[in-house]
1. Net charge near residue 213, counting Lys/Arg +1 and Asp/Glu -1 over other residues with Cβ under 9 Å of its Cβ?
2. Cα extents of segment 86-125 along the three principal axes, largest first, in whole Å?
3. Summarise the long-distance tail of P(r) for segment 640-720 by giving the % of C-alpha pairs beyond 16 Å.
4. No solvent, one uniform scatterer per C-alpha: report log10 I(q)/I(0) for segment 461-550 via the Debye equation at q = 0.13, 0.18 1/Å, two decimals.
5. In angstroms, what radius of gyration and Dmax does segment 186-256 have, counting Cα atoms only?
6. Would you mind calculating the relative contact order of the chain from Cα pairs under 8 angstrom and at least 6 residues apart, reporting the percent as a whole number?
7. Among 170-183, 465-478, how do they line up from the highest to the lowest mean number of other beta-carbon atoms within 10 Å?
8. Using a 1.4 Å probe over the heavy atoms of the protein chains, calculate the carbon and sulfur portion of the accessible area of segment 476-543 as a whole percent.
Amino acid sequence: MRSNVGDRSGRRRLGAASGVLCAALLLGTSDLGVSARSNGFVEQAQPLGASSVADSVGPALGADASLSGDGRFVASQGLPGGDADARTSTIYLTDRDSDVTTEVTTVPEGQRPGNSLHPVLSGDGCSIVVVTELALDVFRDDDTGDRWDVYRLRLPHCGGTPGAWELVSTRSDGSGLARDDVSSIDAPAVSRSGTLIAYTHPATQLIEAPGVSAVSLVNLEVPVTDPARSVPVAGMPISTPDTQFVHVGLDQPAISGDGRFVAYRSDAASTDAVPGWGTGAVPGGPATRQVFVWDRDEQDPFLAVRLVSVRVDGEPTAVGASDPVLSRDGRVVAFTSADVGLVPAVFPPCASGCPTQVFRLDRDIDENGIYDEVSRTAMSMISSVPGSDPVVAGTAPSSQPALSAEGQLVAFITKAPNLQLVKASGGGEPDDGDLLVADARLGTLRRLAMTTDGVRPAVAAHSHPQISDTGRVTAFDTLAGPQLVDGGNPGRQIVTISTPPTLSLAEADLGSTLVGFTSDEWFVAVINNGPTTFTPSVVTVTDRRFSINQEASTCALGAPVAPGGDCTVRVTFTPNAPGPVSATLTVAEAGFGAVSVSSTLRGTGGEPMLRTDPAGADLGDMVVGQPSPEFLFDVENISLLPTSVSKVTVEGAHPEDFAITSNSCERKALNPRATCSVGVTFAPTAPGRRTALVEVFTSTGQYTTMVAGGDGHFDPSFQVGEPEVEAGRDLAVGGHGFPPNTPVSILFGESSATGLVTTSSPDGTFLLWLPIDPSERGGLRTLLAQAADGSVASTTVLIIEQPAATPGLPGFGMGF
């Protein structure tokens with residue numbers, strides 16, 4: 001006899017992800033501590049999250065970080081020996097597992113010193129590529145000319161030899177000798193295996209073309225003297241520019257993980273089968289530079305190179321595009337542009353010189369594996385106000401995009417003050433700004449760089465972000481190190497921030513199964529609630545009576561589960577004796593920084609008599625404390641004998657969140673194939689994923705279960721007593737719908753001398769007087785109330801400045 005589970009293909013999906021995001025996730029918040037200074041002033045912002053960790057890595061002074069795909073290794077540029085007075089730069093490699101930092105571009109004995117720049121780690125973490133003046137291969141590098149060359153080192157943990165650098169940038173004459181003229185501005189691009197490297201250099205193949213650059217692609221698996229080892233990227237003209245515009249050629253290369261796609265910036269007509277030189281806005285001025293992608297597998301010269309920076313009207317951008325980056329498979333391209341015609345949006349007023357924005361292009365939006373021409377729906381603006389409709393662009397420049405492996409997460413630097421409710425103070429160098437991470441699928445935008453107290457945004461002095469394959473590790477250089485890391489050094493340094501995903505795995509009870517027989521197959525889902533990707537590959541259970549179908553379980557395939565996604569585990573139960581059985585099911589990653597999630601599997605050896613239909617249900621996303629509509633499920637007698645239902649109970653991880661609200665089954669006789677129904681409602685007691693097991697028992701002890709799930713979120717509101725207030729007076733403020741008994745910080749969205757911390761009541765409310773500092777700036781201001789869990793609400797109030805004091809004159813009220 002088969003178990004009571006029946007053939008439930010596709011219906012034992014325990015806890016399917018909800019399509020609605022809670023406010024805390026939308027704002028990129030997870031947990032928030034608060035602290036009050038002696039003057040009562042608290043600045044507060046979206047927190048890093050309770051499980052996020054910031055660390056300084058590499059040399060005491062460093063910049064220009066690069067990450068391995070798993071986030072274990074960080075390469076960075078620093079000063080030799082950490083000497084602040086050194087006149088040259090060098091490259092360091094940090095193993096975050098052992099916390100060991102090693103200088104890798106030491107000056108060879110007998111060689112003159114030089115600078116080393118732009119370290120790039122391959123995705124597999126086995127190779128490091130640098131641009132350097134050092135003659136690291138004394139047999140092929142004569143150390144002359146401009147001295148700049150590209151080298152690769154296979155790292156010792158992958159079988160490489162320390163100091164055994166391989167020359168990448170060789171001359172085109174087949175001699176295998178160093179070029180000595182590589183661009184020291186652009187970083188090279190490296191495939192995941194480290195065998196394909198693209199770099200920028202002068203276009204010496206053109207006659208009398210000073211100032212024009214080209215990009216070459218080098219295959220290190222080809223012998224150094226073979227002309228096929230280094231080839232120009234497709235899209236480079238073969239003739240010298242002869243137009244009425246000023247040209248600079250091709251630069252800024254990027255490579256997909258498998259090396260199939262190469263992106264670059266070009267002011268040529270690179271999509272033409274025989275590329276010529278492009279045009280610009282004004283004769284005599286610069287030609288417009290666009291972003292292109294070359295498909296190395298495409299043999300048709302008319303299709304091999306695609307234009308990426310395309311406006312909604314189908315034309316190339318009018319002002320150009322820059323900074324291309326590619327996802328691991330080349331499907332997603334991110335870049336920057338100041339063109340207001342790329343997507344429909346509300347842009348800041350800018351007749352000319354509009355701020356750059358970060359854009360993301362999905363080249364396979366229909367997911368058919370074919371990278372089609374750019375469509376309007378495939379392009380999105382990442383540097384926009386989250387949830388805005390119509391899309392509202394950042395009001396100041398955004399730049400320096402970086403992509404996770406699947407391209408869903410985009411990190412970037414911005415100076416725009418309107419992208420987050422709480423504004424970070426400006427500072428640093430021209431390229432510095434706030435560090436944000438966007439989730440293109442979920443539409444969220446979160447701030448990464450928070451102060452060590454988890455309360456305030458750090459000074460916006462960050463640049464050059466890089467993120468790991470999963471988006472879990474972000475490395476960047478910053479001048480705000482002491483604010484981000486306890487004991488951080490002053491000056492520019494490398495900081496990493498690690499943010500693991502929030503995972504949920506519902507408990508499962510397979511009910512009664514006949515002893516010696518195998519139940520039907522159930523499947524349970526691991527849900528990734530973000531904000532980073534989970535890549536499971538190992539599924540284990542602690543009792544052999546539960547069997548995992550490894551081949552059919554998507555959680556065992558090593559495939560990434562992006563935020564908002566899920567994977568499944570297929571399991572059966574074979575009892576060998578009557579009675580209950582329980583075991584722990586664990587789904588885990590492998591490798592560096594691996595995370596896992598576990599839950600309980602249960603079953604009972606006995607005669608199966610009941611089954612539920614459906615076997616599981618998601619009751620939606622509800623405000624904490626508010627009940628969902630009732631969900632009804634059927635209970636059927638699948639045995640050959642009459643039975644009756646003795647009780648219906650709620651067990652599992654969060655039984656207090658689910659209630660039986662109707663029940664036509666209890667104490668009712670059920671003949672074979674007869675059914676009854678049970679109603680369940682969901683009223684979350686806390687935010688996040690909530691699950692429970694509704695268990696239906698017969699009078700003789702057999703039982704079956706229905707798995708119920710849902711998501712909870714707070715929906716706070718915040719009000720002020722008056723629409724305006726004079727600086728120096730008190731303002732009545734109140735809120736409700738906040739987490740109970742939780743610190744709530746009240747502050748203005750930008751730096752201010754006004755602020756305090758209160759604690760919500762047991763019912764999630766507060767009411768108090770907020771002293772407005774006498775020096776508070778006037779105008780319509782945004783006032784925020786943010787709880788320790790990240791729940792936030794805002795309102796506006798008009799601040800009336802105090803009149804400026806008039807200096808007294810002698811003899812007029814000054815006592816003279």
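The values are calculated or read from the model by the stated rules, or taken from the named source; none is laboratory data. Since the model is a prediction, treat every value here as computed from it, not as a measurement. Cβ sites come from the backbone with ideal geometry, for glycine too, and all protein chains shown count toward neighbours. Only protein heavy atoms, including side chains, enter the accessible area calculation; ligands, DNA and RNA are left aside. Shrake-Rupley method; radii C 1.70, N 1.55, O 1.52, S 1.80 Å.
1. That works out to -2.
2. In descending order, the Cα extents are 33, 19, 18 Å.
3. Within segment 640-720, distances greater than 16 Å cover 57 percent of Cα pairs.
4. Ignoring solvent entirely, the Cα scatterers give -0.65, -0.90.
5. 13.2, 42
6. That works out to 12 percent.
7. Listed from highest to lowest mean packing, they are 465-478, 170-183.
8. Taking all protein chains in place, segment 476-543 shows 56 percent carbon and sulfur surface.
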